[in-house]
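Below is one structure, written out as structure tokens, with a few remarks after it.
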Amino acid sequence: MNKIWSELVKHHRRTSATTIANLFEMDQNRFNAFSCETDGLLLDFSKTSLDETGLNTLIELAQQAQLPERIQEMFRGDAINVTEGRAVLHTALRAQGGAVVMVDGEDVIPGIRHTLQQMESFAGALRSGELKTATGARFTDVVNIGIGGSDLGPVMATLALAPYHDGPRCHYVSNVDGADITDCLDGLDPQTTLIIIASKSFTTIETMTNAETAIAWLRAALGDRASEHLAAVSTAMDRTAEMGIPPERVFGFADWVGGRYSLWGPVGLPILIAVGRENFRAMLSGAAVMDQHFQSADLRHNLPVLLGLIGIWHSNICGYATRAILPYEQRLARLPAYLQQLDMESNGKRVTLEGAPVSRASGPIVWGEPGTNGQHAFYQLLHQGTQVVPAEFLIAAEGHEPKLSHQHDLLKANCLAQSEALMRGRSTEQARALAQSRGIAEADLGRMAAHLTFPGNRPSVTLAYPRLTPFALGQIIALYEHRVFTEGVIWGINSFDQWGVELGKELAVDMLPLLQGAKDASKDGSTLGLVAKLTGSKPAI
């Protein structure tokens, strides 16, 4: 594969003088050639510096990395998470029709569908009012307590599907900072609130600390009947039983579903409660359609593969260290944070599957905000900063507010204008003419023109879809899941473990006694000094 990498680097050097705008001038059909669509979701990557030679070389790189074979291994249920000896089967949670997925000689699909039916029965009874509170009333609010994958996915999807909400109001608590749960519970009525505790092991310290606070809040109002207001997403049935949660209200999932990939199953229970069975299943269907596309489409017309190859091109060949996720969709406000975890926890790795050092950069920094808010915050750097940041725009043809269609038109205009401005920029001659039109004195024209010049030639891709429906949301999330997998395969890393989160958690357990008065002379001077500052004690030095 080193030869292919070298060819890509050489090709980039040969073509670096050709701007993206030049590529459009040379090929009037560039948009059609460098865009791809499946089931209403369009990926436009024509505003990148890729040409046919570069793209074909990237596809050859993917083939040499055996990406098609690795895709089939994942969907087949092979233990591709090699450091933990596990299959990777979040895709099985949304499998449709007569799917069969074997793990250790057992078809896991019947169990998945049984759990989904249990979730639907519970959520349906809650939504209809059949499931009563301890006082015989309807539940009006649901608070999901989780962190990481047990929070970011449900939070993101619940917000995204706000037009489809017709169930109890859903709230989320994740941070161990007491302010988070205090602000959430303030104003809620414990007599009409259900608490869902989402932790596979039921040992996650942030989640269990918040759960203890929430249960104390329930008990203050309901006494011994507080457990009637509890449910759990966990596999630790012994621990949930100790907390008094009825087994029929505990929803588990297998270890071949990673946390950041888990919203499709029991972790998605609050989404199901908010939007109902039909809409939740539509989201699963959208993801399943993308799964089928990922498995069957040739690499040249495969949206997740193309998005992954573009990421490789920008990160490894062009040397761009970050990527900005810019949804022009307010209800996707939490998508950048969700994708940040999905991407950086998956591909923030420094060793290969074999344990050798990764020979090139992996896991770019992922960040972003919704448009148009971001335009008034950080787009200055995108347009005129010294670092090039590839932008990934998301935009719907229609919004959910027909009476405000003029505002959605303005939103679309801003999205398209930003991608065009990033590509075209403004030349020094254009900037000079603009300064002159504004009455700038001749002696100052050069200085002002420098300030008004935009370098342009800054790459972007755009995802366009008809409307943010549950189906479209499922497509988008699955697209990015498979993009992460594509990049991980090419880098030769394991995208499905996360050992990097362990060390800080271990040290936090050791740190707590120091904040409560214990001494530990083995700690560094900075740590001891900060402990003293935060506790008002004298430094133990």
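The values are calculated or read from the model by the stated rules, or taken from the named source; none is laboratory data. Note that the coordinates shown come from a computational prediction; the quantities given were computed from them, not determined experimentally. Cβ coordinates were reconstructed from backbone atoms using ideal geometry, including for glycine residues, and neighbour counts include every protein chain displayed.
Numerical summary
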{"read-out": "Scope the range 467-507; condition in a helix (DSSP H, G or I) and of a type in the set (Asp, Glu); matching residues", "value": "Glu481, Glu487, Glu502, Glu506"}
{"read-out": "Failed item in (1) of a type in the set (Gly, Ala, Ser); (2) assigned to a helix (DSSP H, G or I); (3) in the same structural domain as Ser346 (by TED's automatic domain parsing); (4) surrounded by 14 or more Cβ atoms within 10 Å (Cβ to Cβ), with Ala464 passing the rest", "value": "(2)"}
{"read-out": "Residue within the range 49-65 that is in contact (Cβ under 8 Å) with a residue 40 or more places away in the chain, in contact with a Cys (Cβ under 8 Å, 6 or more places away or on another chain) and not acidic (Asp, Glu) present", "value": "yes"}
{"read-out": "Residue tally, condition outside any loop (DSSP other than H, G, I, E, B), free of Cβ contacts under 8 Å to residues at least 24 places away in the same chain and among the hydroxyl-bearing types (Ser, Thr, Tyr), over the range 28-48", "value": "1"}
{"read-out": "Selection status of Gly276, under 23 Å from the mean Cα position of the chain (by Cα), farther than 30 Å from Asn81 by Cα and part of a helix (DSSP H, G or I)", "value": "yes"}
{"read-out": "Those residues of the range 9-27 which are assigned to a loop (DSSP other than H, G, I, E, B) and either in contact (Cβ under 8 Å) with a residue 12 or more places away in the chain or closer than 15 Å to Arg458 by Cα (or both), in sequence order", "value": "Ser16, Ala17, Thr18, Thr19"}
{"read-out": "From Ala472, Ala478, Ala433, residue being outside the structural domain of Asp343 (by TED's automatic domain parsing) and either of a type outside the set (Val, Ile, Thr) or loosely packed, with under 15 Cβ neighbours inside 10 Å (or both)", "value": "Ala433"}
{"read-out": "Options Ala464, Ala441, Ala421: the member that is of a type in the set (Gly, Ala, Ser) and in contact (Cβ under 8 Å) with a residue 60 or more places away in the chain", "value": "Ala464"}
{"read-out": "Flag if Gln380 is part of a loop (DSSP other than H, G, I, E, B), surrounded by fewer than 18 Cβ atoms within 10 Å (Cβ to Cβ), of a type outside the set (A, V, I, L, M, F, W, C) and in the same structural domain as Ser35 (by TED's automatic domain parsing)", "value": "no"}
{"read-out": "Residue ID - farthest from Ala472 (Cα to Cα), chosen from residues in the range 63-92 that are of a type in the set (A, V, I, L, M) and not in a helix (DSSP H, G or I)", "value": "Val82"}
{"read-out": "Check on Ser49, more than 30 Å from Glu398 (Cβ to Cβ) and either surrounded by fewer than 16 Cβ atoms within 10 Å (Cβ to Cβ) or touching a Ser or Thr at 6+ places or on another chain (Cβ under 6 Å) (or both)", "value": "no"}
{"read-out": "Residue in the range 216-230 that is within 32 Å of the chain's Cα centre (by Cα), among the aliphatic types (A, V, I, L, M) and not in a helix (DSSP H, G or I) present", "value": "yes"}
{"read-out": "Among residues of the range 391-427, those that are surrounded by fewer than 19 Cβ atoms within 10 Å (Cβ to Cβ), within 26 Å of the chain's Cα centre (by Cα) and not in a helix (DSSP H, G or I), counted", "value": "4"}
{"read-out": "Of all residues making up the range 231-260, the number that are touching a Gly at 6+ places or on another chain (Cβ under 7 Å) and either in a helix (DSSP H, G or I) or of a type in the set (A, V, I, L, M, F, W, C) (or both)", "value": "4"}
{"read-out": "Count of the range 97-118 residues which are loosely packed, with under 14 Cβ neighbours inside 10 Å and touching a Leu at 6+ places or on another chain (Cβ under 9 Å)", "value": "0"}
{"read-out": "Filter pass, Ala540 being modelled with pLDDT under 90 and outside the structural domain of Tyr320 (by TED's automatic domain parsing)", "value": "yes"}
{"read-out": "Filter result (within 17 Å of Leu307 (Cα to Cα) and either in contact with a Lys or Arg (Cβ under 9 Å, 6 or more places away or on another chain) or at pLDDT below 95 (or both)) within the range 487-506", "value": "Gly488, Val489, Trp491, Ser495"}
{"read-out": "Single condition Glu60 does not satisfy, out of (1) farther than 23 Å from Tyr465 by Cβ; (2) not in a helix (DSSP H, G or I)", "value": "(2)"}
{"read-out": "Qualifying residue in the range 271-278 (condition: without any contact (Cβ under 8 Å) to a residue 40 or more places away in the chain, out of contact with any Ser or Thr (no Cβ under 9 Å at 6 or more places or on another chain) and surrounded by fewer than 24 Cβ atoms within 10 Å (Cβ to Cβ))", "value": "yes"}
{"read-out": "Residue check, Val155 buried (at least 21 other Cβ atoms within 10 Å of the Cβ), at pLDDT 95 or above, assigned to a helix (DSSP H, G or I) and of a type in the set (A, V, I, L, M)", "value": "yes"}
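Quick grid of which residues meet (1) surrounded by fewer than 13 Cβ atoms within 10 Å (Cβ to Cβ); (2) within 28 Å of the chain's Cα centre (by Cα):
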residue	(1), (2)
Ile4	no, no
Glu7	no, no
Arg13	yes, no
Ser16	yes, no
Asn22	no, no
Asn29	yes, no
Leu41	no, yes
